[in-house]
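As structure tokens, the structure follows; a few thoughts come after it.
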Amino acid sequence: MSSTDIGSRPFWWRVAPSAARTRIMGWVLLLVMAALGIVTFVTWRLLVTAIDARMDAALQLEVEEFADVKESGVNPSTGQPFASVEEVISEAIAYNIARPNEQFLGYVDGQFYIQSRKQPETPEVLAGDKAFDDLVGSVTEPVEGRYDQPEVGDVRYLAVPVSLAGDPSRGVIVAAFLGDAERSDADGAARLMLVVGAATMLGATAAAWLVAGRILRPLRDVADTARSITDSDVSKRIPTHANREGDELDDLARTVNGMLDRVESGVSAQRRFIDDAGHELRTPITIVRGHLEVLDPNDPADIHATVALVDDELVRMNRMVSDLLLLVRSEQPSFLQTRPVDIGGLTRDVFEKVAQLGERDFTLQSVAEVTAVLDPQRITQALVALTDNACRYTEDGDRIGIGSELVGEWLRFWVADSGPGVSEADRTRIFERFARGSAGGHRSEGAELGLSIVQAIAVAHCGQVDLDSTPGRGSTFTVVVPVRGGEPWHAS
């Protein structure tokens, strides 16, 4: 991400990393609020729809009951036929009991005449409302509608005309529901949901804060670890959890730890190279400088001897630097160039090369006739180094055996000698850089890096170097590598 992309974002996005917890909490709360609002609105609308449907059904039922009273033609109170429209309206309204928030009203010749008995919780706002009287008092056919009453709001009504043979008066019976008052339960339920939702949001706020903290802990660990790493200490790692396989943030921590491992490996290799080079190059430089300081420029023989010494030390320094660079490159993926190799032919070629290293009794002990995946040049380099090491610790005529064999899925190359052997105390130390065994030996042109290089080549092949030695009876160095390449080493 470029600095331009970051700078173009709003301030709330460009706050410090610690504000990520607040952003997560804010998004969680926003989602909770949106969900709460949607659920509350949908629930409220369903309740209102159900109440409206119930009011419409009740109005229809009341009208049917009015019709039954009128069509009977007989006053149920007296058992006599109706004498007037007023009597029909009065008896029909008295016969039907109004529900809460419901009113029955009667009109004669456009004027308000009578209403149902007042319910304690139902306000009397329609009787005497001139606008409502004008709206329903003179209808000539059934009319269903809604009226906005200033005091109680929405009113749903159904007006039915009433007439009686022999009476010229025209009447109207009205069944009305105070809609807003009837919907108050739904409004109360919605308000209750909002109150409960507000309490839920408070709990969600605390939960979001805690959960965001746990989720972002690996990121804080990454930042803390990055701050703790210095030029001299790259050993710190981010804490991970073995039981969180598949967790993205824990995978991030493991990935960063892997990167830090590679960085530490590179830094360690750099330090070893600097330490090793400084340690070993100091001696030849001191020798050359010392001889140059006492050189007699007027003595040709002294000049010739000094030049020869300087040349010899420079050659040794050049080989030493080459070996050190080789050890550094051994830790890089490009160090090996593997391919399928005929091990029998490789073993014979190596034997022919090393047989010229000294006046020793060289023997080709065994040859593995198999094809394996490895780097033939590096394996040759390792066997030559082992043979050179054997020559330095043996005398003319001593035995040196070379061979290869296949054991299961592992390929073994060895160099065996009849020299003084390696003591128990030296078996680990001789593979360290610039280390020499206590048995002594002829000084090489290098810097005692041969066995370190052999071990680096074996490890690069995912293998190992074995040492079998008895003091006074010789040593056998064995390079063990997998036949198919790239498989981990398992000690037998």
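The values are calculated or read from the model by the stated rules, or taken from the named source; none is laboratory data. The model shown is predicted, which means the values in this text are computed figures rather than measured ones. Cβ: placed from backbone, ideal geometry, glycine included. Neighbour counts: every protein chain shown.
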| query | Out of (1) farther than 20 Å from residue 116 by Cα; (2) touching a residue at least 24 places away in the same chain (Cβ under 8 Å); (3) over 54 Å from the mean Cα position of the chain (by Cα), what's the single condition that is false for residue 183? | reply | (3)
| field | Verdict on residue 319 being surrounded by fewer than 18 Cβ atoms within 10 Å (Cβ to Cβ) and touching an Asp or Glu at 6+ places or on another chain (Cβ under 7 Å) | value | yes
| request: Output yes when any residue across the range 376-395 is over 48 Å from the mean Cα position of the chain (by Cα) and free of Cβ contacts under 8 Å to residues at least 24 places away in the same chain, and no when none is. | output: yes
| query | Do we find that residue 361 is of a type in the set (Asp, Glu) and farther than 24 Å from residue 450 by Cα in this structure? | reply | no
| query | In the range 342-353, what count of residues is obtained for those that are in contact with a helix residue (DSSP H, G or I) (Cβ under 7 Å, 6 or more places away or on another chain) and either closer than 22 Å to residue 464 by Cα or assigned to a strand (DSSP E or B) (or both)? | reply | 2
| Single residue of 58, 98 found to be over 60 Å from the mean Cα position of the chain (by Cα), at pLDDT below 85 and of a type in the set (Gly, Ala, Ser) | 98
| request: Identify the residue in the range 142-160 that is surrounded by fewer than 16 Cβ atoms within 10 Å (Cβ to Cβ) and in contact (Cβ under 8 Å) with a residue 12 or more places away in the chain and, among all such residues, is nearest to residue 89 (Cα to Cα). | output: 142
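Determine whether residue 381 is within 15 Å of residue 480 (Cα to Cα), of a type in the set (S, T, N, Q) and at pLDDT below 95.
Values: within 15 Å of residue 480 (Cα to Cα): yes; of a type in the set (S, T, N, Q): yes; at pLDDT below 95: yes.
Judged against the criteria, residue 381 is a match.
Looking at the range 84-117, which of the residues that are of a type in the set (A, V, I, L, M, F, W, C) and not in a strand (DSSP E or B) is surrounded by the fewest Cβ atoms within 10 Å (Cβ to Cβ)? Working first, answer last.
First pass over the range 84-117, keeping only residues of a type in the set (A, V, I, L, M, F, W, C): 85, 88-89, 92-94, 97-98, 104-105, 108, 112, 114.
If we keep only those that are not in a strand (DSSP E or B) too, we end up with 85, 88-89, 92-94, 97-98.
Details: 85: 24, 88: 24, 89: 27, 92: 25, 93: 25, 94: 15, 97: 11, 98: 19.
Residue satisfying both the conditions and the ranking: 97.
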| query | When the range 171-213 is examined, which residues are found to be within 23 Å of residue 139 (Cβ to Cβ) and either in contact with a Ser or Thr (Cβ under 6 Å, 6 or more places away or on another chain) or among the β-branched types (Val, Ile, Thr) (or both)? | reply | 172, 173, 174
